[in-house]
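Asks: For reference, the structure I am asking about is given below.
The values are calculated or read from the model by the stated rules, or taken from the named source; none is laboratory data. None of the values given here were measured: they were computed from a predicted structure. Note: ideal-geometry Cβ built from the backbone for every residue, glycine included; neighbour counts use all protein chains shown.
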Amino acid sequence: MDVQLHRLDLLQCGALQPGTLEVLPVGKKKQQKIAVGDDSGVLQVFYLKKGEVQYEWKSPALGREISSVVMQMAKDKIFVGCGQSIHGFTRKGKEFVKIKTNLTETIHHLFVEENMIWTGGEYILNIYDNCKDYGFVMTKDRINDLTCAPVYPGEILSTIVACQDKCLRVFQGEKVFHEFAVEGSATALGFHGLSPVDNPAHHVGDPVQMIYGTEQGVVGLCSLDAKSMRRTGGVSDRQNRPGVGSGASSRRPRVCCLHTADVVKSGALDLLVGRDDGTLELWNLGDAAAFASQRLEQAPTPLWETCLQESIQSLSSGHITGGDYMEVILATYSGKVLAFTPSGAARDPTGTQMAKQEEREEAGASVMSRMVKGTKSSDLEQAEMKQERSRRFQALEQEVARLKAETDKARKDYQNLSSEQIAMQTTTKVSHRFGLTSEEACYILTLESQAAIELIALRADVEVDLLDHSGTSAILSRSRGDPQNPLLAYYRMQEEGSRFQIRMRTVEGLSGTLSAFVVPETQPKTAHLITVSIKPLALHEKIPEVSPEVPMNELRLSGPFSVTDMHSWLMLCVNELPSRPTDDEMVIAYRSTFVGTQLYGRYSKGSAIFRSDSITTISVLKDIISKEATAKKIQVQMHVDVNEETFGRFLELVHPKLNYQHALTQQVRMVEPLREVQLQEGETKFLHPELQSVLDQAHEIQQQFELQPQKLAFLHNMVISAYRHKWRLRGYQSVDHRIKDLQKLLESYNLESVSAFFSESID
Amino acid sequence: MIPAFQFALGHQVLQGLVTVGRYDGKRPCLSAGTTAGKVLIHCPHNRVENPQNEVMFLNINRKITSVVTGMLNPALQRDVLMVGTQTSLMVYDVEENADLFFKEVHDGVNVIAFGHLPAIEQPVCVVGGNCSVQAFDAEGSELYWTVTGDNVSSLAFCDVDDDGHPELLVGTEDFEIRALKSEEVLKEITETDVVIRIEPLHKCRFAYALMHGTVGVYDKLSRAWRVKSKNRVNCIDCFDLDNDGVPELIAGWENGKVEVRNEKSGEVMCKDYFQAPVAALVHADYRLDGRETLMCLTSEGDVRGWLPSSSGAEHSGLRSGVAAQEAKENDNWRDLQAQKAKLTQELASFKEQLKQYKSDGKETGQGVIPTDTKLNASLKANKAHGTVELHLMTTNYSVIRAVVIFAEHLFDGEACMLHPLPPSNNVIVQISPAKDVQTTMSIKAMTGVTVSSVQYHVFELNYVMPKFAMYHQVDEAPVPSGTVNFVVQERPNHIWSWLQRSFISIPEQMPAPSGANVLEVNFISLRTNEPLCITVSKEQAGLMTIRTDDMETAGEMVQDLCNFLQVTELESTANFPAEMEKFQQVLTRVDEYNAVRMKLTAEMADSANLVKALIVKAEDYRMLSDMQHLKKAFSSLQQTNSDLIAEYNKRANNHQQLLAQLKEVNMMIQKAAKLRMGHAKSRVVAACRQAIKQNNIMGLFQIIRTGHDASG
């Protein structure tokens, strides 16, 4: 099915936070209104009339940036989270309630029902009853999204929280009922269909159909009731796009928001997914009945997609333009409020056609006549439209000219005050996210700015490999580094864009910081410094638990340190730890994304045990902890058990990668000569089958190799450093004389000989 | 972009070695250089006569460097194939299966262009080699010869001065594009990397591509636009794909992407992807239906063709008629909306600044950094490091955290980044330009109040690096032996302002004349520490002397001075004993290598004969089943073979040396020419070529010295 959605630019407000747009329910008119609150702290409600935006009302500035906007559906009230306070507005714009909470965190998530209010901050979930504290929960990891639904019979609704640690948690009051592990860090939640709270057909005890999205781009569907929580289907994160070669990464970016609506009028709800890179997708979930029956009959099919180049912060739907169409409404990072409508009239961005349509509707024109519109519209109407169109054009041109003049004047005024136009304070918001992708074993630094980015200058005090990736036309220049700044590089943007991703890989065992100076294209020109820390065990990701039968090296520590001490030391080594210890005895489990070795840790006041099948990991932990402990003047006793068996396992884990890269490197060298032989001889039947296969797959081989030219060296270094650490932990400071032999062995790679070398004694 | 047709040649295609020729005067054939020294000819229209074989091969047996077709001999009324190799040029009549001529070209053939040169009636085949450009007619006689600054990497014809006659554009490995009108250089443009391709667009515009992935357009020798990509560009072509009467620039990339760009703005209009690197883009009426098609070949031999504007309007963004009008208006509307959004944001930003300034900034003057801060920049020479130092300093305590300098030619990449530790209010950037080129540095300095600031003001500053910044002025310097003398009828203070423009640290006031000279300045090169003196004599009016041992620098200075003073004709006398001595050696070596080459060729012929004899012998023994002798024969065959390989290596080595020396000779002629301007310049080139042909070494030396040959 060919779906066409047309883009309508409704409004440009200040930078927006996630979840700050709501569509008001249907009122007297069929047409719906939109409420949006931006960083300037103003909540505005507007609607479309004749294709032009009309404001219903605007709130006074609430003092801080608005961090969430929700509707209390049944009562038509709008609630706004703003810093630590909650404001309630009526439909007409009257502020009827204002609650100043005693929270320390900003209210990012909000849910209101009757007299109950749920708030979600960074880690804390709070419940208020009639503006009084009712309950309080501290979650194990960051809250990424929050919503409520009647799951358990009881006086209050259950809360569903999407957490950073790859879990969906369901709370009833302060009590956890379900912990549902999902594919990655959960980033978004939604209901299939109406929210059960607003759905009169929904009874307590009926299963709640939910959708969730993850950091890795997976969208999942699950069914939730008092007894269980089940996954019923999902939208795969892998899907090739037309036009892009299979070589390009087809991984989908983080899910930002989810919504369901029947946009294409198929009778079933379609799934809308808004992603971090600005992709908006429309998926067909198939028959609605099938969905209710626990399992999806068929895989979801993509209907339509577009890319807005900046992250989508909120997503909703409603009848906005006044037609009979269900339209998609969304808000982006930089404050654009957009609508996507199936209405053909919206093809004209000036809105003239839409106004025309509205007029006809008012005049009582029948649906039929509208259907045949365009084919039979009279010349008079055409001319009218043309006139209106040009009037709108002129109006816009005049406005632009006026703005230009005003801006010039303001600039001049400011120049009189500061000749170099030095800003008092920047007015452009720049934010970043730094995360690991396990499949590529690299880090992605995502930078997003309110205005288009002009350049990004990077500097790090450790070696960082910047990986090239397709999908950007920015030009990377590296400068020769010095010992203090091993990485000096900068990206110059060629195409206008307010969002940029940098992929990088670090060497395990080094720690440092990476600074990025981001310069947006706004005047007065200011640079934003973004600093992220590179951790020595950066390539480790959190897993639920380690597999028990693996042989492990062990590091045991004891001394007068507290749980918090140990936790803070660990924070320096690995990512994804909660900001403070959540239990008296903490248990952690990590897996190296590149090799697959594991790390297990258990620590409490005065003692800690770390186990890993990678000697390098243990060695790095030991170094960092002893360094930090010494700095804090805490005496820590350390004991290391080096387990010989682990090396065999480590090498086996690396083996497939090493073997593959080794073979690949060999094959790449043969491709060109073989091709020449082929051309000279005309046929290749006399060649060894192995060589023939190289020739057949020449192209793939070369492509694979180009993707990862440094990978073999990277793997070699990893094996060598494991060898080094092995002997270091046994008290040998330097094994340099053996390293050369090891390197030779690696060049002519063979698992047995390398294993044998590892178990050989030295001296 | 929806292709009109698509097929596979089934053979590899070498990058850039593709052309279309009508070898029988009517039907077009795609001709491509492929591996192992072969030229593939794809003739789909000959199917009737020869149904089996669409593809045929020509064995060149040497590394092919260029493939071009053209009607070199107008009498034939059909295209001939011109194939360049590292040492020769072959012009081949495909239809008759005969050579028009085969010519050894000592300077090698890097690139061939076919077209008309001014003052030469018949069409010529222009060959770019090592530092030289020559043109041949259908008989193979040399009609034109000139020198260039480095190895020629691209050639094209384009009427850049709008006089109705196309000029020859030469792109060289020293990043220059030269526009030649006969022997005279109209203009030299310095680009940022090796110019791998030049294509005429239309009228006075031409497109170019650089090694590191830049494509762009020049209009009358000034740059209209350019874009850079991190991928390498393999080929460009100019073709009117949207049927609007103006050709678009089409670029094929290493990663298999083909882009169509608007030639006015450089905007991408549409693109397509291949699985393999794009090897070439050509256009011709390949289906013989009266419409030109654009064809793209990949290195794997896949071919795709597009017809103008048939390419599926909705998909490519190319529309026509009413729909186009509407789409354009809609785009305009969106543009205006975007502009409005941008302006609103900027206005809000300034209003906010003003508000804050008035509310609390007035007393303290404290913004991101103090609002009265300025950034000063200056250039100084650093003799110890042999570099030019750029000093950046703020006027107060605010610190410079990071500096990014964009400039062509100065750094390895297109820019340089600095992150001084610990940060302070002044930063010194060491720059050592490899070439003497005047460049504008665009400096962005991120300045904050303290080290821990998260917001920084960005100072944006443009600063000119003078052409001869690497020459440091000193009071006294030893007098170099090389000199060039010429007369310029200009007041000394005019020359002084040239010095101020092209060098650094030249004082405002011209010092009072002392001694025998009106004007005297001494420099030391920061690269080599060699001295350089510029003097204007008092006695002989306007006699100016540049003393240096580096002839090239002297030439550059003469050219720069003449440009500044707008002198178009200049004669000079030169004496560079050290350079001339070296040149003498070069010439001797050329003779030596030539002699060795002759000898080696003779020896190789002997060995080759021996091989033949041995094979025949071995075959005889095999028939007689005399295995013992057979083995012997084969072992001596192997011996001879390895001898041949060794000989070949020697020859190859010798050839490389010879090429290097010949390049030196050409460079010398270029240097000598650069000491003059206008007529004298082209005369030197012509006279030198003549002298070399006649092997008149003394004459050559005299031309370099005086600018005239013995007769003049």
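Asks: Specify the residue that is farthest from the chain's Cα centre (by Cα); the eligible residues are those in segment B:454-482 that are of a type in the set (A, V, I, L, M, F, W, C) and within 14 Å of chain A (Cβ to nearest Cβ). Can you show your working first?
Replies: Here is the first cut: in segment B:454-482, the residues of a type in the set (A, V, I, L, M, F, W, C) are B:454, B:458-459, B:461, B:464-465, B:468-470, B:474, B:477, B:479.
Within this subset, residues satisfying the condition of being within 14 Å of chain A (Cβ to nearest Cβ) are B:454, B:458-459, B:461.
Working: B:Val454: 43, B:Val458: 35, B:Phe459: 34, B:Leu461: 29 Å.
It comes out as B:Val454.
Asks: Look through segment A:46-57, keep the residues that are surrounded by fewer than 22 Cβ atoms within 10 Å (Cβ to Cβ) and in contact with a strand residue (DSSP E or B) (Cβ under 9 Å, 6 or more places away or on another chain), and return whichever of them is farthest from B:Asn330 (Cα to Cα). Quick ask: steps written out before the conclusion?
Replies: From segment A:46-57, those surrounded by fewer than 22 Cβ atoms within 10 Å (Cβ to Cβ) are A:46-47, A:49-50, A:52-57; that's our starting set.
In the following step, the residues that additionally are in contact with a strand residue (DSSP E or B) (Cβ under 9 Å, 6 or more places away or on another chain) were identified as A:46-47, A:53-57.
Numbers: A:Phe46: 24, A:Tyr47: 22, A:Val53: 18, A:Gln54: 22, A:Tyr55: 25, A:Glu56: 28, A:Trp57: 30 Å.
The extreme case among them is A:Trp57.
Asks: Yes or no: segment B:373-394 includes at least one residue that is more than 16 Å from A:Val518 (Cα to Cα), at the interface with chain A (Cβ under 9 Å from one of its Cβ atoms), of a type in the set (A, V, I, L, M) and in contact (Cβ under 8 Å) with a residue 24 or more places away in the chain.
Replies: Step one: filter segment B:373-394 for residues more than 16 Å from A:Val518 (Cα to Cα), giving B:373-394.
With the extra rule that they be at the interface with chain A (Cβ under 9 Å from one of its Cβ atoms), the set shrinks to B:373-375.
Then keep just the ones that are of a type in the set (A, V, I, L, M); that gives B:375.
Checking which are in contact (Cβ under 8 Å) with a residue 24 or more places away in the chain leaves us with B:375.
Yes: one or more hits.
Asks: Would you list the strands (runs of 3 or more DSSP E) that sit entirely within segment A:468-545 and hold 1 or more residues that are over 19 Å from the mean Cα position of the chain (by Cα) and within 11 Å of chain B (Cβ to nearest Cβ)? Don't jump to the end; show me each part of the working.
Replies: Working: elements: A:475-479, A:487-492, A:499-506, A:512-520, A:526-534, A:540-542.
Output list reads A:475-479, A:487-492, A:512-520, A:526-534.
Asks: With the condition being among the charged types (D, E, K, R) and exposed (fewer than 14 other Cβ atoms within 10 Å of the Cβ), I'd like the helices (runs of 4 or more DSSP H) fully within segment A:658-763 carrying at least 1 qualifying residues.
Replies: Correct list: A:689-696, A:698-707, A:736-747, A:751-759.
Asks: May I pose another question? Mind checking which residues of segment B:622-635 are surrounded by fewer than 16 Cβ atoms within 10 Å (Cβ to Cβ) and not basic (Lys, Arg)? First the steps, then the outcome.
Replies: Of segment B:622-635, the ones surrounded by fewer than 16 Cβ atoms within 10 Å (Cβ to Cβ) are B:622-629, B:631-632, B:635.
Passing the criteria: B:Met623, B:Leu624, B:Ser625, B:Asp626, B:Met627, B:Gln628, B:His629, B:Ser635.
Asks: Shifting gears a bit: Could you please let me know if B:Gly171 is modelled with pLDDT under 85 and under 12 Å from the mean Cα position of the chain (by Cα)? Spell out the reasoning first.
Replies: Details: modelled with pLDDT under 85: no; under 12 Å from the mean Cα position of the chain (by Cα): yes.
In short, no.
Asks: Continuing with this model, one more query. Using the structure shown, decide if A:Gly233 is small (Gly, Ala, Ser), in the same structural domain as A:Ala162 (by TED's automatic domain parsing), under 21 Å from A:Ile543 (Cβ atoms) and at pLDDT 75 or above. It would help to see each step written out before you state the result.
Replies: On the way: small (Gly, Ala, Ser): yes; in the same structural domain as A:Ala162 (by TED's automatic domain parsing): yes; under 21 Å from A:Ile543 (Cβ atoms): no; at pLDDT 75 or above: yes.
Taking the combined requirement at face value, the residue does not satisfy it.
Asks: Tell me whether segment A:512-526 contains one or more residues that are over 30 Å from A:Gly335 (Cα atoms), outside the structural domain of A:Arg611 (by TED's automatic domain parsing), free of Cβ contacts under 8 Å to residues at least 40 places away in the same chain and of a type in the set (S, T, N, Q). Talk me through it step by step, then tell me what you get.
Replies: Of segment A:512-526, the ones over 30 Å from A:Gly335 (Cα atoms) are A:512-513.
Now restrict to residues that are outside the structural domain of A:Arg611 (by TED's automatic domain parsing): A:512-513.
Checking the rest, the ones that are also free of Cβ contacts under 8 Å to residues at least 40 places away in the same chain come to none.
No, segment A:512-526 contains no residue that is over 30 Å from A:Gly335 (Cα atoms), outside the structural domain of A:Arg611 (by TED's automatic domain parsing), free of Cβ contacts under 8 Å to residues at least 40 places away in the same chain and of a type in the set (S, T, N, Q).
Asks: Follow-up question, since we're still on this one. From B:Glu346, B:Glu408, B:Glu414, B:Glu352, which residue is more than 9 Å from chain A (Cβ to nearest Cβ) and either touching a Ser or Thr at 6+ places or on another chain (Cβ under 7 Å) or closer than 30 Å to A:Ile475 by Cα (or both)? Let's see the steps before the verdict.
Replies: Details: B:Glu346 fails: more than 9 Å from chain A (Cβ to nearest Cβ); B:Glu414 fails: more than 9 Å from chain A (Cβ to nearest Cβ); B:Glu352 fails: more than 9 Å from chain A (Cβ to nearest Cβ).
Going through B:Glu346, B:Glu408, B:Glu414, B:Glu352 in turn, just one is more than 9 Å from chain A (Cβ to nearest Cβ) and either touching a Ser or Thr at 6+ places or on another chain (Cβ under 7 Å) or closer than 30 Å to A:Ile475 by Cα (or both): B:Glu408.
Asks: While we're looking at this one, here's another question. Go through A:Ser562, A:Ser592, A:Ser533 for me and flag whichever is in contact (Cβ under 8 Å) with a residue 40 or more places away in the chain, more than 13 Å from A:Ser612 (Cβ to Cβ) and among the polar types (S, T, N, Q).
Replies: Numbers: A:Ser592 fails: more than 13 Å from A:Ser612 (Cβ to Cβ); A:Ser533 fails: in contact (Cβ under 8 Å) with a residue 40 or more places away in the chain.
After ruling out the rest, the residue left standing is A:Ser562.
Asks: A further question on this structure: Listed residues B:Asp643, B:Asp620; which is modelled with pLDDT of 90 or more and assigned by TED's automatic domain parsing to the domain that holds B:Gln585? Reasoning before the result, please.
Replies: Numbers: B:Asp643 fails: modelled with pLDDT of 90 or more.
None of the others qualify; the one that does is B:Asp620.
Asks: Tell me the residue from B:Leu9, B:Leu89, B:Leu81, B:Leu100 that is surrounded by 19 or more Cβ atoms within 10 Å (Cβ to Cβ) and within 14 Å of chain A (Cβ to nearest Cβ), please. Spell out how you get there, then give the answer.
Replies: Details: B:Leu89 fails: within 14 Å of chain A (Cβ to nearest Cβ); B:Leu81 fails: within 14 Å of chain A (Cβ to nearest Cβ); B:Leu100 fails: within 14 Å of chain A (Cβ to nearest Cβ).
So the residue among B:Leu9, B:Leu89, B:Leu81, B:Leu100 that is surrounded by 19 or more Cβ atoms within 10 Å (Cβ to Cβ) and within 14 Å of chain A (Cβ to nearest Cβ) is B:Leu9.
Asks: Failed condition for A:Tyr600, given (1) modelled with pLDDT under 85; (2) under 30 Å from A:Ser761 (Cβ atoms); (3) in a strand (DSSP E or B), with all others met?
Replies: Going through the list (1) modelled with pLDDT under 85; (2) under 30 Å from A:Ser761 (Cβ atoms); (3) in a strand (DSSP E or B), A:Tyr600 breaks only (1).
Asks: Among the numbered criteria (1) over 25 Å from the mean Cα position of the chain (by Cα); (2) within 14 Å of another protein chain (Cβ to nearest Cβ); (3) at pLDDT 85 or above, which single criterion is violated by B:Leu14?
Replies: Answer for B:Leu14: the failing condition is (1).
Condition check ((1) at positive phi; (2) surrounded by 19 or more Cβ atoms within 10 Å (Cβ to Cβ); (3) in contact (Cβ under 8 Å) with a residue 24 or more places away in the chain) across all residues:
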site	(1), (2), (3)
B:Asp620	no, no, no
B:Leu644	no, no, yes
B:Asn653	no, no, no
B:Gln656	no, no, no
B:Val685	no, yes, yes
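Asks: State whether the residues of segment B:81-97 include one that is closer than 16 Å to B:Phe157 by Cβ and within 24 Å of the chain's Cα centre (by Cα). Spell out the reasoning first.
Replies: Step one: of segment B:81-97, the residues closer than 16 Å to B:Phe157 by Cβ are B:82.
If we keep only those that are within 24 Å of the chain's Cα centre (by Cα) as well, we get B:82.
Checked against the condition, which is being closer than 16 Å to B:Phe157 by Cβ and within 24 Å of the chain's Cα centre (by Cα), segment B:81-97 yields at least one hit.
Asks: Let me ask something else. Hey, B:Ile250 hits all of (1) part of a strand (DSSP E or B); (2) within 20 Å of B:Pro200 (Cβ to Cβ); (3) within 14 Å of chain A (Cβ to nearest Cβ) but one; which does it fall short on?
Replies: (3)
Asks: Within segment A:384-464, considering only strands (runs of 3 or more DSSP E) that don't extend past its boundaries, which have at least 1 residues that are surrounded by fewer than 18 Cβ atoms within 10 Å (Cβ to Cβ) and within 38 Å of the chain's Cα centre (by Cα)? Before you say what the answer is, go through the steps one by one.
Replies: Details: elements: A:430-437, A:442-449, A:453-460.
Hits in segment A:384-464: A:430-437.
Asks: Being within 33 Å of the chain's Cα centre (by Cα) and in contact (Cβ under 8 Å) with a residue 24 or more places away in the chain is the filter here; which residues of segment A:624-663 pass it? Steps first, answer last, please.
Replies: Residues of segment A:624-663 within 33 Å of the chain's Cα centre (by Cα): A:624-625, A:628, A:650, A:653-658, A:660-661.
If the condition is that a residue be within 33 Å of the chain's Cα centre (by Cα) and in contact (Cβ under 8 Å) with a residue 24 or more places away in the chain, then A:Ile624, A:Ile625, A:Glu628, A:Phe650, A:Leu653, A:Val654, A:His655, A:Lys657, A:Leu658, A:Gln661 are the ones that fit.
Asks: Here is a list: B:Lys271, B:Lys228, B:Lys220. Which entry is farther than 24 Å from A:His699 by Cβ, within 14 Å of chain A (Cβ to nearest Cβ) and touching a residue at least 40 places away in the same chain (Cβ under 8 Å)? Working first, answer last.
Replies: On the way: B:Lys271 fails: farther than 24 Å from A:His699 by Cβ; B:Lys220 fails: within 14 Å of chain A (Cβ to nearest Cβ).
The match here is B:Lys228.
Asks: Kindly provide the set of residues from segment B:232-245 that are farther than 16 Å from B:Gly16 by Cα and either within 18 Å of the chain's Cα centre (by Cα) or among the β-branched types (Val, Ile, Thr) (or both), ordered by number.
Replies: Here is the first cut: in segment B:232-245, the ones farther than 16 Å from B:Gly16 by Cα are B:239-245.
Result: no residue meets the conditions.
Asks: Condition test on B:Asp240, is it closer than 26 Å to B:Asp159 by Cα, more than 14 Å from every other protein chain (Cβ to nearest Cβ), surrounded by fewer than 22 Cβ atoms within 10 Å (Cβ to Cβ) and not basic (Lys, Arg)?
Replies: Working: closer than 26 Å to B:Asp159 by Cα: yes; more than 14 Å from every other protein chain (Cβ to nearest Cβ): yes; surrounded by fewer than 22 Cβ atoms within 10 Å (Cβ to Cβ): yes; not basic (Lys, Arg): yes.
Criteria met by B:Asp240.
Asks: Quick one: in segment B:421-450, of everything that is facing chain A (nearest Cβ under 10 Å) and in contact (Cβ under 8 Å) with a residue 12 or more places away in the chain, which residue is surrounded by the most Cβ atoms within 10 Å (Cβ to Cβ)?
Replies: Applying the first criterion (facing chain A (nearest Cβ under 10 Å)) to segment B:421-450 yields B:421-422, B:444-448.
Okay, now just the ones that are also in contact (Cβ under 8 Å) with a residue 12 or more places away in the chain, so B:422, B:444-448.
Details: B:Pro422: 7, B:Lys444: 23, B:Ala445: 24, B:Met446: 26, B:Thr447: 29, B:Gly448: 22.
Top of the filtered list is B:Thr447.
Asks: Restricted to segment A:576-620, and to residues that are of a type in the set (A, V, I, L, M, F, W, C) and out of contact with any helix residue (DSSP H, G or I) (no Cβ under 6 Å at 6 or more places or on another chain), which residue is farthest from A:Phe714 (Cα to Cα)?
Replies: A:Met586
Here is a yes/no grid of residues against (1) under 25 Å from A:Arg275 (Cβ atoms); (2) among the β-branched types (Val, Ile, Thr); (3) touching a residue at least 24 places away in the same chain (Cβ under 8 Å):
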{"site": "A:Trp118", "(1), (2), (3)": "no, no, yes"}
{"site": "A:Asn130", "(1), (2), (3)": "no, no, no"}
{"site": "A:Gln164", "(1), (2), (3)": "yes, no, yes"}
{"site": "A:Glu179", "(1), (2), (3)": "no, no, no"}
{"site": "A:Ala186", "(1), (2), (3)": "yes, no, yes"}
{"site": "A:Ser195", "(1), (2), (3)": "yes, no, yes"}
{"site": "A:Gly205", "(1), (2), (3)": "no, no, yes"}
{"site": "A:Glu215", "(1), (2), (3)": "yes, no, yes"}
{"site": "A:Ala226", "(1), (2), (3)": "no, no, yes"}
